[in-house]
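The values are calculated or read from the model by the stated rules, or taken from the named source; none is laboratory data. Small disclaimer: the values here were computed from a predicted structure and weren't measured. We place every Cβ from the backbone using ideal geometry, glycine too, and count neighbours over all the protein chains shown.
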Amino acid sequence: MPQPTFAHPPISPQSIDSNARWSHLASTIFQNISTDRGLPHPIATAVHESQDGFLWVGTQGGLSRWDGYRFRTYLPDPKDLHSLPDVWIQAMHTDSRGRMWVATYEGGLARYNPQFDNFERVPIGPGGLSHASVSALADDGDGGIYIGTDGGLDQYTPDTGGMRHWQFDPNDAQSLPDNHIYALLREKNGTLWIGTGRGLVRRQPGSAQFERVALPVASEQAVIVRTLALASGGNYP
(Lines give C-alpha, C1' and ligand atoms only; values in the text may rest on other atoms or scores of the structure.)
Protein backbone atom coordinates (compact mmCIF):
# COMPACT_ATOMS: atom_id res chain seq x y z
CA MET A 1 0.00 0.00 0.00
CA PRO A 2 1.49 3.41 -0.92
CA GLN A 3 2.41 5.59 2.02
CA PRO A 4 0.83 9.03 2.42
CA THR A 5 2.87 12.09 1.55
CA PHE A 6 2.82 15.37 3.43
CA ALA A 7 3.07 18.95 2.24
CA HIS A 8 5.12 19.50 5.40
CA PRO A 9 6.98 16.75 7.26
CA PRO A 10 5.17 15.58 10.42
CA ILE A 11 6.19 17.89 13.26
CA SER A 12 6.00 17.16 16.94
CA PRO A 13 4.17 19.90 18.85
CA GLN A 14 6.86 19.64 21.54
CA SER A 15 9.49 20.69 18.99
CA ILE A 16 7.79 24.02 18.32
CA ASP A 17 8.19 27.04 20.54
CA SER A 18 4.86 27.82 22.20
CA ASN A 19 5.04 31.43 21.03
CA ALA A 20 5.63 30.51 17.40
CA ARG A 21 2.20 28.88 17.11
CA TRP A 22 3.10 27.11 13.86
CA SER A 23 3.85 30.52 12.26
CA HIS A 24 6.53 29.03 10.02
CA LEU A 25 3.89 27.02 8.16
CA ALA A 26 1.91 28.48 5.26
CA SER A 27 -0.95 30.78 6.23
CA THR A 28 -4.38 29.20 6.25
CA ILE A 29 -6.45 29.00 3.07
CA PHE A 30 -9.70 28.22 4.88
CA GLN A 31 -12.53 30.54 5.84
CA ASN A 32 -15.12 29.78 8.48
CA ILE A 33 -18.64 30.26 7.15
CA SER A 34 -21.28 29.88 9.84
CA THR A 35 -24.53 31.39 11.06
CA ASP A 36 -23.08 34.89 10.92
CA ARG A 37 -22.87 34.47 7.13
CA GLY A 38 -26.41 33.12 6.76
CA LEU A 39 -26.28 29.40 7.52
CA PRO A 40 -29.31 28.29 9.56
CA HIS A 41 -27.22 26.06 11.86
CA PRO A 42 -23.51 25.86 12.76
CA ILE A 43 -23.25 22.11 12.10
CA ALA A 44 -22.96 21.32 8.38
CA THR A 45 -23.80 17.71 7.53
CA ALA A 46 -23.62 17.63 3.71
CA VAL A 47 -22.22 19.72 0.85
CA HIS A 48 -23.26 19.34 -2.79
CA GLU A 49 -22.92 21.22 -6.08
CA SER A 50 -25.95 21.03 -8.36
CA GLN A 51 -25.67 21.02 -12.15
CA ASP A 52 -26.63 24.69 -12.36
CA GLY A 53 -23.54 25.60 -10.33
CA PHE A 54 -25.16 26.36 -6.98
CA LEU A 55 -23.47 25.13 -3.82
CA TRP A 56 -25.90 23.48 -1.40
CA VAL A 57 -25.08 23.11 2.29
CA GLY A 58 -27.15 20.77 4.42
CA THR A 59 -27.16 21.41 8.16
CA GLN A 60 -28.93 20.16 11.27
CA GLY A 61 -31.19 23.19 11.04
CA GLY A 62 -32.11 23.50 7.37
CA LEU A 63 -30.81 23.54 3.81
CA SER A 64 -28.98 26.53 2.29
CA ARG A 65 -28.09 27.38 -1.30
CA TRP A 66 -25.03 29.56 -1.92
CA ASP A 67 -24.99 31.61 -5.14
CA GLY A 68 -21.53 33.06 -4.61
CA TYR A 69 -22.80 36.08 -2.67
CA ARG A 70 -25.40 34.97 -0.16
CA PHE A 71 -27.32 32.01 1.22
CA ARG A 72 -30.94 31.19 0.44
CA THR A 73 -32.30 28.96 3.21
CA TYR A 74 -35.04 26.35 2.96
CA LEU A 75 -36.95 25.18 6.03
CA PRO A 76 -39.94 22.90 6.66
CA ASP A 77 -43.39 24.47 6.73
CA PRO A 78 -46.14 22.23 8.18
CA LYS A 79 -48.69 24.09 6.05
CA ASP A 80 -46.78 23.52 2.80
CA LEU A 81 -46.37 19.96 1.48
CA HIS A 82 -43.85 21.24 -1.06
CA SER A 83 -41.50 22.62 1.56
CA LEU A 84 -38.40 20.87 2.85
CA PRO A 85 -39.62 17.77 4.77
CA ASP A 86 -37.14 18.04 7.66
CA VAL A 87 -34.50 20.44 9.01
CA TRP A 88 -31.77 17.81 9.44
CA ILE A 89 -30.09 17.06 6.10
CA GLN A 90 -28.13 13.82 5.82
CA ALA A 91 -27.15 13.58 2.15
CA MET A 92 -27.66 15.11 -1.30
CA HIS A 93 -27.31 13.62 -4.76
CA THR A 94 -27.81 14.69 -8.38
CA ASP A 95 -28.91 11.78 -10.55
CA SER A 96 -28.06 11.00 -14.18
CA ARG A 97 -30.94 13.20 -15.37
CA GLY A 98 -29.88 16.22 -13.35
CA ARG A 99 -32.49 15.87 -10.61
CA MET A 100 -31.25 16.81 -7.14
CA TRP A 101 -32.38 14.68 -4.21
CA VAL A 102 -32.24 15.64 -0.54
CA ALA A 103 -32.13 12.95 2.16
CA THR A 104 -33.25 13.88 5.67
CA TYR A 105 -33.05 12.46 9.17
CA GLU A 106 -36.78 12.20 9.92
CA GLY A 107 -38.61 13.43 6.83
CA GLY A 108 -37.55 10.91 4.22
CA LEU A 109 -36.45 11.95 0.73
CA ALA A 110 -37.38 14.90 -1.46
CA ARG A 111 -36.54 16.05 -4.99
CA TYR A 112 -35.79 19.70 -5.56
CA ASN A 113 -37.91 21.30 -8.30
CA PRO A 114 -35.95 24.26 -9.73
CA GLN A 115 -38.93 25.45 -11.80
CA PHE A 116 -40.98 26.24 -8.70
CA ASP A 117 -38.11 26.44 -6.20
CA ASN A 118 -39.73 23.82 -3.97
CA PHE A 119 -39.59 20.12 -3.13
CA GLU A 120 -41.46 16.99 -4.19
CA ARG A 121 -41.58 14.49 -1.34
CA VAL A 122 -41.27 10.73 -1.81
CA PRO A 123 -44.01 8.85 0.12
CA ILE A 124 -43.04 6.99 3.29
CA GLY A 125 -44.62 3.69 4.32
CA PRO A 126 -46.57 1.16 2.22
CA GLY A 127 -45.60 1.63 -1.41
CA GLY A 128 -42.98 4.18 -0.41
CA LEU A 129 -39.79 4.46 1.58
CA SER A 130 -38.97 1.75 4.12
CA HIS A 131 -38.10 4.33 6.77
CA ALA A 132 -38.26 8.08 7.30
CA SER A 133 -34.54 8.32 8.05
CA VAL A 134 -32.46 8.37 4.84
CA SER A 135 -28.65 8.44 5.00
CA ALA A 136 -27.31 7.56 1.54
CA LEU A 137 -28.15 7.89 -2.17
CA ALA A 138 -26.72 6.48 -5.42
CA ASP A 139 -27.77 6.12 -9.06
CA ASP A 140 -29.07 2.70 -10.14
CA GLY A 141 -27.95 3.11 -13.77
CA ASP A 142 -31.50 2.93 -15.15
CA GLY A 143 -32.84 6.38 -14.32
CA GLY A 144 -33.65 5.55 -10.71
CA ILE A 145 -31.84 5.79 -7.40
CA TYR A 146 -30.79 3.52 -4.56
CA ILE A 147 -31.80 4.83 -1.15
CA GLY A 148 -30.15 3.82 2.10
CA THR A 149 -32.54 4.06 5.05
CA ASP A 150 -32.73 2.93 8.67
CA GLY A 151 -35.17 0.25 7.49
CA GLY A 152 -33.15 -1.30 4.67
CA LEU A 153 -32.20 -0.57 1.07
CA ASP A 154 -34.76 0.88 -1.35
CA GLN A 155 -34.66 1.34 -5.13
CA TYR A 156 -36.90 4.10 -6.46
CA THR A 157 -38.00 4.69 -10.06
CA PRO A 158 -39.19 8.32 -10.24
CA ASP A 159 -40.86 7.97 -13.66
CA THR A 160 -43.27 5.29 -12.43
CA GLY A 161 -43.20 5.78 -8.67
CA GLY A 162 -42.11 2.15 -8.27
CA MET A 163 -40.26 1.17 -5.11
CA ARG A 164 -38.30 -2.01 -4.41
CA HIS A 165 -37.03 -3.06 -0.98
CA TRP A 166 -34.26 -5.22 0.48
CA GLN A 167 -34.00 -5.95 4.20
CA PHE A 168 -32.09 -8.08 6.66
CA ASP A 169 -33.33 -11.67 6.89
CA PRO A 170 -31.86 -13.70 9.79
CA ASN A 171 -32.57 -16.91 7.84
CA ASP A 172 -30.73 -15.79 4.70
CA ALA A 173 -26.95 -15.41 4.83
CA GLN A 174 -27.03 -13.62 1.47
CA SER A 175 -29.42 -10.91 2.59
CA LEU A 176 -28.35 -7.54 3.95
CA PRO A 177 -26.50 -7.99 7.27
CA ASP A 178 -28.32 -5.04 8.82
CA ASN A 179 -31.19 -2.66 8.01
CA HIS A 180 -29.21 0.47 8.85
CA ILE A 181 -27.72 1.64 5.54
CA TYR A 182 -25.18 4.44 5.95
CA ALA A 183 -23.27 4.57 2.65
CA LEU A 184 -23.82 3.63 -0.99
CA LEU A 185 -21.45 3.57 -3.96
CA ARG A 186 -22.17 2.24 -7.44
CA GLU A 187 -19.30 1.45 -9.79
CA LYS A 188 -19.45 2.03 -13.54
CA ASN A 189 -19.81 -1.71 -14.06
CA GLY A 190 -22.96 -1.70 -11.92
CA THR A 191 -21.57 -3.23 -8.74
CA LEU A 192 -23.26 -1.67 -5.72
CA TRP A 193 -21.28 -1.29 -2.49
CA ILE A 194 -23.26 -0.86 0.70
CA GLY A 195 -22.02 0.34 4.07
CA THR A 196 -24.22 -0.93 6.90
CA GLY A 197 -24.38 -1.00 10.68
CA ARG A 198 -22.77 -4.45 10.52
CA GLY A 199 -20.06 -4.19 7.92
CA LEU A 200 -19.66 -3.90 4.16
CA VAL A 201 -21.54 -5.79 1.45
CA ARG A 202 -21.73 -5.64 -2.34
CA ARG A 203 -24.34 -6.59 -4.91
CA GLN A 204 -23.29 -7.59 -8.40
CA PRO A 205 -25.30 -6.38 -11.44
CA GLY A 206 -28.41 -8.49 -11.97
CA SER A 207 -27.97 -10.40 -8.70
CA ALA A 208 -30.52 -10.57 -5.91
CA GLN A 209 -27.85 -11.59 -3.41
CA PHE A 210 -25.61 -9.52 -1.18
CA GLU A 211 -22.01 -10.61 -0.71
CA ARG A 212 -20.48 -9.78 2.63
CA VAL A 213 -16.99 -8.32 2.31
CA ALA A 214 -14.39 -9.22 4.92
CA LEU A 215 -12.76 -6.26 6.62
CA PRO A 216 -9.45 -6.25 8.56
CA VAL A 217 -11.08 -5.93 11.97
CA ALA A 218 -11.56 -8.20 14.96
CA SER A 219 -15.36 -8.37 14.70
CA GLU A 220 -17.23 -7.32 11.57
CA GLN A 221 -20.53 -7.34 13.46
CA ALA A 222 -19.27 -4.34 15.42
CA VAL A 223 -18.19 -2.38 12.33
CA ILE A 224 -20.30 0.53 11.08
CA VAL A 225 -19.34 1.56 7.54
CA ARG A 226 -20.36 5.19 7.07
CA THR A 227 -18.35 6.36 4.05
CA LEU A 228 -17.36 4.82 0.70
CA ALA A 229 -15.22 6.28 -2.08
CA LEU A 230 -13.46 5.00 -5.19
CA ALA A 231 -9.68 5.16 -5.11
CA SER A 232 -8.12 7.27 -7.84
CA GLY A 233 -7.67 5.04 -10.87
CA GLY A 234 -8.99 2.05 -8.96
CA ASN A 235 -12.08 -0.09 -9.13
CA TYR A 236 -12.80 -0.69 -5.47
CA PRO A 237 -13.86 1.40 -2.47
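Quick check, is residue 191 surrounded by fewer than 19 Cβ atoms within 10 Å (Cβ to Cβ) and assigned by TED's automatic domain parsing to the domain that holds residue 122? Explain how you work it out, then say what you get.
Numbers: surrounded by fewer than 19 Cβ atoms within 10 Å (Cβ to Cβ): yes; assigned by TED's automatic domain parsing to the domain that holds residue 122: no.
Taking the combined requirement at face value, the residue does not satisfy it.
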With (1) buried (at least 16 other Cβ atoms within 10 Å of the Cβ); (2) at pLDDT below 95; (3) of a type in the set (Gly, Ala, Ser) as the list, and residue 138 as the residue in question, which single condition is left unmet?
(2)
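Which one of these is outside any strand (DSSP E or B), free of Cβ contacts under 8 Å to residues at least 60 places away in the same chain, surrounded by fewer than 15 Cβ atoms within 10 Å (Cβ to Cβ) and touching a Lys or Arg at 6+ places or on another chain (Cβ under 7 Å): 143, 98? Don't jump to the end; show me each part of the working.
Working: 98 fails: touching a Lys or Arg at 6+ places or on another chain (Cβ under 7 Å).
Sole residue among the options that is outside any strand (DSSP E or B), free of Cβ contacts under 8 Å to residues at least 60 places away in the same chain, surrounded by fewer than 15 Cβ atoms within 10 Å (Cβ to Cβ) and touching a Lys or Arg at 6+ places or on another chain (Cβ under 7 Å): 143.
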Search result, residues across region 155-181 that are crowded, with 18+ Cβ neighbours inside 10 Å, without any contact (Cβ under 8 Å) to a residue 24 or more places away in the chain and under 19 Å from the mean Cα position of the chain (by Cα):
178
Unmet criterion (only one of (1) modelled with pLDDT under 95; (2) on the phi > 0 side of the Ramachandran plot) for residue 17
(2)
Restricting to region 55-76, what's the tally of residues that are assigned to a loop (DSSP other than H, G, I, E, B) and in contact with a Pro (Cβ under 9 Å, 6 or more places away or on another chain)?
4
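Might you check whether a residue that is of a type outside the set (A, V, I, L, M, F, W, C), assigned to a loop (DSSP other than H, G, I, E, B) and surrounded by fewer than 16 Cβ atoms within 10 Å (Cβ to Cβ) occurs anywhere in region 86-95?
Of region 86-95, the ones of a type outside the set (A, V, I, L, M, F, W, C) are 86, 90, 93-95.
Cutting the leftovers down to assigned to a loop (DSSP other than H, G, I, E, B) gives us 86, 95.
Right, trim to surrounded by fewer than 16 Cβ atoms within 10 Å (Cβ to Cβ) and you get none.
Taking every residue of region 86-95 in turn, none turns out to be of a type outside the set (A, V, I, L, M, F, W, C), assigned to a loop (DSSP other than H, G, I, E, B) and surrounded by fewer than 16 Cβ atoms within 10 Å (Cβ to Cβ).
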